[in-house]
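Inspection log for the structure reproduced underneath, given as structure tokens.
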Amino acid sequence: MRNFLENRGFRLKPGAALIVGAALAVTGFVGVKAATPHLDNPPATIKTAPRSAETARRGYASVVKKVVPAVVNISSSRVVKNEVTGMQGFDMDPFLRQFFGNNMPFNNIPKERREKALGSGVIVSPEGYILTNNHVIDKATDITVTLHDKREFKARVVGTDPRADIAVLKINGSGFPYLTLGDSSQVEVGDIVLAIGDPFGIGQTVTSGIVSATDRSMNGQIEGVEDFIQTDAAINPGNSGGALVDDEGHLIGINTAILSGNSGGNQGIGFAVPVNLARHDMDQILKYGKVETGYLGILPQNVTPEMAKALGVSEATGALVGDVTADSPASRAGLQKGDIILDVNSQPIDNANQLRLKIGMLAPGTNISMKVLRDNKTMELNAQLANVPSTEEQASNATPGQHESTLDGVQLSTLTPDVAQQLQLGSGVKGVVVESVAEGSAAADAGLTRGDVIQQVNHHPVANMSEFRQAMNSTTKNNPVLLLVNRQGTTLFIAI
């Protein structure tokens, strides 16, 4: 650089190179500044527009301010006993005590641990009654409720309904902020909703979306009773038990579950228990201390197009009776396997889940009338609902699928007394047992599985392989075949 400048007539003093370098740097900076001439003429003062009343109406701030004080954080804990496994169980072995004495290895492993869970809840009365999910407080020994204003209260469980995943809590005090309950039967797809809760324990959060479906059921994969409001408002872990409100701030649902990928986070499909169902449970709990549920005594199934064709009916509607429990209200009313229940108390029944909900919302002792389709003829049957037996297990819907051929890929044999005993079936059960089902076959897609016992083909009883072949040979080509299957003592229909 020095030679470059001296060759052009500049005379430099020792040490001047640093000064020139600094000057070049400044000059370079000035050059850049000159390249943006608008900075030489700064603009006028930038103004900020005030929030107009019209702009305010487009948001939900006023609704949120009214709602959030009634949505609470719920922290629960429970003590879980550790099972004695592996080397931990050797601390009682006299042989090992000869070597270790009382300083046995693994004695420092705790015999129990404390698990904690975070969720949300909604205050629904000024007296401090709270609606939340049962899974938020299930088996909890300690429950703490934190209000929006940071006040903390110890809560007690008033009652629960695990089938619908609803729990009612109570905190002591009065004058609490609370939400007004809406009418979830009036909710429609496309309605704007807000979800309020405490996701991931980071603090109260509000998200917005729309109702993307109503009367949603996941075939018992989430709860025993499913009539969800589906929404795309973001619901994440910790939102469970929180509020789903409409655009006026009315409580229309209790946020319960999400469908998510491996991340476990929101994917735009969230489910809320309708407030009408939650209110029914709460009323029952406050009145009886538990939820009194009507019991009919059948295994209902959806009528698929394949089943409708096999049954010879024109529409795939109603609830198909797959099984009838002995000495139940259904059996006393005269319901039979293969009947299709079209309505209850003059209210149409579209599917099995709708029938379960209708019966479950009625109290034991209630008299009901049913329109039933049997052999393409309708009839009226009456039943008196009973209490749910304490040993009854919830049954899932079968979801048969369409296929091309009949029982391809299925290995069958006549059911013997020994096999019936292994399958824990009664000695009077007759039929053909499924030994294997090829993966990807039409029968597998329809839901047929190893250990199923086929007892009927298109309503014709089959007691052995000979009768099964005869019944199959009498079926019409390319038409679905309707099988009555005994699965672990419970019968259901499968269309193949």
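Computed from the coordinates by the stated procedures, all read-outs in this text should not be read as laboratory data. No experiment lies behind these values; they were computed from the predicted model shown. Ideal geometry is used to build each Cβ from the backbone, glycine not excepted, and the neighbour counts take in all protein chains shown.
Details
- Segments 134-146, 462-474, 155-167 sorted - mean Cβ within 10 Å per residue, highest first: 155-167, 134-146, 462-474
- Surrounding net charge for THR449, when Lys and Arg each add one and Asp and Glu each subtract one, Cβ distance under 12 Å: -2
- Charge tally around GLU188: other residues with Cβ under 14 Å, Lys/Arg +1 each, Asp/Glu -1 each, net -4.
- Amide H to amide H, with H built 1.01 Å from N, THR214 comes under 5 Å of GLN230, counting only residues 5 or more places away or on other chains.
- Kirkwood hydrodynamic radius of segment 410-495, Cα pairs, Å: 12.9 Å
- For segment 238-326, Kirkwood radius (reciprocal of mean inverse C-alpha pair distance, Å): 16.9 Å
- Where the Cα pairs of segment 152-200 fall when distances are cut into 5 Å bins, in %: 4, 11, 14, 21, 26, 15, 7, 2
- Using the Cβ-Cβ distance between SER427 and ASP183 with R0 = 51 Å, the FRET efficiency computed as 1/(1 + (r/R0)^6) comes to roughly 0.45.
- Judged by the mean number of other Cβ atoms found within 10 Å, the most tightly packed of the peptides 428-436, 65-73 leads the ranking 65-73, 428-436.
- Computed as a quarter of the hull surface, the mean projected area of the alpha carbon convex hull for segment 200-259 stands at 4.3 nm².
- With coordinates expressed along the principal axes, the C-alpha atoms belonging to segment 120-255 extend over 38, 31, 27 Å, beginning with the largest.
- Counting only Cα atoms, segment 294-387 measures 36, 22, 19 Å along its principal axes, largest extent leading.
- Taking a sphere under 15 Å around the Cβ of GLY209 and counting the other residues whose Cβ falls inside, with K and R at +1 and D and E at -1, yields a net charge of -4.
- Normalising the average separation of contacting C-alpha pairs (under 8 angstrom, six or more residues apart) by the number of residues puts the relative contact order of segment 294-387 at 32 percent.
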